[in-house]
Amino acid sequence: MTVRLAVVGTGWWARFAHLPGIAECPDASLASVSEESLPAPGTADGVVIATPHHTHYPLAAAALDAGFHVLVEKPMTTSGPEAWDLVDRAERAGLHLSVGYTAQYTGAAVAARAAVQEEIGELACVSGELASTMMGLIATNPTYADGQARGQLTHLAGALTHTTGQAAAQVFAMMASHALDVDVSDALTVRLTGGALVSLASTGTLPEGLPHRNVLRYYGTAGTVEHDLQYGTAVIRRHDGWERRVTQPTSDPVWPRYAPVQAFARLIAGTGPNHAPGAAAAAAVDLVEAARASASSGTVQNLDLGRSWSTSST
């Protein structure tokens, strides 16, 4: 089966990742490319949405309502209710909904998730760090103009919710703008629904030429997992001395930019899993938006946990 994919959005990431990824994928063909319009019904099987953040929700909602499977770039949306609405629409229609969290499409990410949920005992604590050179883009590129949390911290949030299978119950955050109008550095304390405590730090102030950092460390009662999202590695250690290291195959790129769209094609064809499902990504939106609200108000944000979400729904 050759899956027909339409790409909505013609920015640098679509040109750098999605379009060449489709061209090199034997399971997919390019149905159409548009700046902001969905394909005609019946002309594509799935739609890749790579437009600015604030346009994700209306385009993804319309695509799902039109019967298309959807891969939407991160952040999934800019509000929790919108994100969960997309999850609901996809579930009602029996359609696939994936999010372009590139680092989740590696063997290390799969191994880290399995280890956190099955091998290291009760999760007690998580620490995460993301340092990037995004300050210039935040200042000049409309795609990143709403700040570090939505543009970069979302990578940590998305990996955290998908790997643990848990949402944030409480969030407290402080953010700094460094003379810009939006956040550039973020520091968060989070309590997950299972009780584990989380600290996340993210900054876009890394000088050009220095290596980016994108790491999550999980501490359980029976072991630890260190997942390096940037370089596609994971180290799993148990208290009994057992250790496993997972790395990217030497033939694969460290940052697999083609992986999300190629995995999306396989998902639609029924030959591969959903590496970044909508429910976990919606929980990540909740976390990021709670952090923004906390930094603005100076108060702890208690998230509404009325909606049931767990690993069984991803």
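The values are calculated or read from the model by the stated rules, or taken from the named source; none is laboratory data. What you see is a predicted model; the values in this text were computed from it and never measured. Please note: Cβ atoms are built from the backbone with ideal geometry, for glycine as well, and neighbour counts cover all protein chains shown. Protein only, heavy atoms only, side chains kept; ligands, DNA and RNA dropped before computing areas. Shrake-Rupley method; radii C 1.70, N 1.55, O 1.52, S 1.80 Å.
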Out of everything in segment 233-242 that is open to solvent by 70 Å² or more (accessible area, probe 1.4 Å) and over 15 Å from residue 217 (Cα atoms), what residue ends up being farthest from the chain's Cα centre (by Cα)?
240
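From 73, 91, 36, which residue is in contact with a strand residue (DSSP E or B) (Cβ under 7 Å, 6 or more places away or on another chain) and free of Cβ contacts under 8 Å to residues at least 40 places away in the same chain?
Values: 73 fails: free of Cβ contacts under 8 Å to residues at least 40 places away in the same chain; 91 fails: in contact with a strand residue (DSSP E or B) (Cβ under 7 Å, 6 or more places away or on another chain).
On inspection, the qualifying residue turns out to be 36.
Can you tell me which residue among 190, 182, 171 is open to solvent by 10 Å² or more (accessible area, probe 1.4 Å) and either small (Gly, Ala, Ser) or within 18 Å of residue 285 (Cβ to Cβ) (or both)? First the steps, then the outcome.
Values: 190 fails: open to solvent by 10 Å² or more (accessible area, probe 1.4 Å); 171 fails: open to solvent by 10 Å² or more (accessible area, probe 1.4 Å).
That would be 182, the only listed residue that is open to solvent by 10 Å² or more (accessible area, probe 1.4 Å) and either small (Gly, Ala, Ser) or within 18 Å of residue 285 (Cβ to Cβ) (or both).
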Working carefully through the options 40, 62, 31, find the one that is among the hydrophobic types (A, V, I, L, M, F, W, C), open to solvent by 40 Å² or more (accessible area, probe 1.4 Å), out of contact with any His (no Cβ under 9 Å at 6 or more places or on another chain) and assigned to a loop (DSSP other than H, G, I, E, B).
40
Determine whether residue 54 is surrounded by fewer than 22 Cβ atoms within 10 Å (Cβ to Cβ), closer than 22 Å to residue 153 by Cβ and touching a residue at least 24 places away in the same chain (Cβ under 8 Å).
yes
Looking at 16, 68 in this structure, which one is out of contact with any helix residue (DSSP H, G or I) (no Cβ under 8 Å at 6 or more places or on another chain) and buried (at least 23 other Cβ atoms within 10 Å of the Cβ)?
68
For residue 108, which of the numbered conditions (1) open to solvent by less than 50 Å² (accessible area, probe 1.4 Å); (2) within 23 Å of residue 7 (Cβ to Cβ) fails to hold?
(2)
